[in-house]
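To start, the structure itself, in structure tokens.
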Amino acid sequence: MEVGVVFAPDIDYEKELGDFLGHKPDNYKWHVDCCLNQPLDLLETRFYTGKLSGRVITNIMTTEYNGIGILGHVFTLPEQRRKGACKGLMGYQMQDFQDREGQMLYLGTGYDSAPYWIYHYFGFQSVYPEAGFMTYSTVPEFETRHFARGNASATKVKPVQWHDWGALTALTGIVGGDYLRSSIYGLKGPTNFEGGFLYLKQNLEADPQYHQSRLLQSETGAIVAFLILQIDEEQNGRLDLFSHPDFWDQAPKLIAAVNLPSGKIVSQTESTAKERIGILKQQGFHQLSVETTQEGQQIVNFQYQG
């Protein structure tokens, strides 16, 4: 098997890799098509491929920026499975990540599945017990260093860009912090934001009138908080606000940076999220109702009248 890397953009591989990964959901295919045709901000997309007789038989993709990335699109042709192709390619990819001084990779798979144990063999670990959400890091105590508070007043608000993909997953993947992270995109607890980010990016590009989002970036470059606002045709909205526990005092900057609709805005949070509840109340949100989930959690619905 011949092993190589396609570093996007590379128009010559648009059809070959597009066809090979054509079974992927539309949001993933959208990224593949986009990245092979043009630069996507500062995002680095690499397709590690294995070929037999000039034909791609196996693939691993990574999307990275500043040493933080997501590993995905691991696929081998059915007739070439159980022959060591994927494992051989994985070894090449992991060594390349280390040689490039990469820091952290995230991936999602089925817990206790065959792929899970392949990733485990190469050093990936479950984010929490019995989770298919996995991480691999070359940096001891990565999260502690990455989310170091430093000069909190130096945080800045920024729009969502392609190269925020991995850093946003680092935030949604933290074990501590509030459980409900985004009601709009269904993020609960430590979560891989691989696919959700693509839906968010598509919505922001296709319908900026109805979708807004802002990120809070620390002086270390980490994404430490986010706001997502979804607006309907009647100018009513749904708002998600989530922060790393050490940066809630900076999160109000995000609300000040978006254009709130003129109608009603609803925001959900669990009853134990004191910092988020405090910010919502300060911004004029009022408690509307309380729901109890099947897991016994109390979810509080807040509403703001524009």
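So the values come out like this:
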{"item": "For Asp41: the one exception among (1) at negative phi; (2) part of a loop (DSSP other than H, G, I, E, B)", "result": "(1)"}
{"item": "Lone unmet requirement of (1) in contact (Cβ under 8 Å) with a residue 60 or more places away in the chain; (2) part of a loop (DSSP other than H, G, I, E, B) for Gly72", "result": "(2)"}
{"item": "Hits in segment 197-237 (condition: aromatic (Phe, Trp, Tyr) and either on the phi > 0 side of the Ramachandran plot or part of a helix (DSSP H, G or I) (or both))", "result": "Phe197, Tyr199"}
{"item": "Residue identified as surrounded by 22 or more Cβ atoms within 10 Å (Cβ to Cβ) and within 24 Å of Glu295 (Cβ to Cβ) among Ile184, Ile228, Ile223", "result": "Ile228"}
{"item": "Unmet requirement for Met90, which otherwise passes all of (1) under 17 Å from Val74 (Cβ atoms); (2) aliphatic (A, V, I, L, M); (3) in contact with a Pro (Cβ under 9 Å, 6 or more places away or on another chain)", "result": "(3)"}
{"item": "The one condition in (1) free of Cβ contacts under 8 Å to residues at least 24 places away in the same chain; (2) within 12 Å of the chain's Cα centre (by Cα) that Lys188 fails to fulfil", "result": "(2)"}
{"item": "Residues of segment 166-176 that turn out to be under 18 Å from Ile68 (Cβ atoms) and either without any contact (Cβ under 8 Å) to a residue 12 or more places away in the chain or small (Gly, Ala, Ser) (or both), as a count", "result": "4"}
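Yes/no per residue for (1) of a type in the set (Phe, Trp, Tyr); (2) farther than 26 Å from Leu215 by Cα; (3) in a strand (DSSP E or B):
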position: Cys86; (1), (2), (3): no, yes, no
position: Tyr111; (1), (2), (3): yes, yes, no
position: Pro129; (1), (2), (3): no, yes, no
position: Val139; (1), (2), (3): no, no, no
position: Thr144; (1), (2), (3): no, no, no
position: Ala167; (1), (2), (3): no, no, no
position: Tyr185; (1), (2), (3): yes, no, no
position: Thr191; (1), (2), (3): no, no, no
position: Gly195; (1), (2), (3): no, no, no
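Rundown of residues vs (1) in a helix (DSSP H, G or I); (2) in contact with a strand residue (DSSP E or B) (Cβ under 6 Å, 6 or more places away or on another chain); (3) surrounded by 15 or more Cβ atoms within 10 Å (Cβ to Cβ), yes/no style:
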| position | (1), (2), (3) |
| --- | --- |
| Leu239 | no, yes, yes |
| Phe242 | no, yes, yes |
| Val258 | no, yes, yes |
| Pro261 | no, yes, yes |
| Arg276 | yes, yes, yes |
| Glu295 | no, no, no |
| Ile299 | no, yes, yes |
| Tyr304 | no, yes, yes |
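Here, each number is a calculation from the coordinates, and none is a lab measurement. Here the structure is a predicted model, which means the values were calculated and not measured. Backbone-built Cβ (ideal geometry, glycine too); neighbour counts: all protein chains shown.
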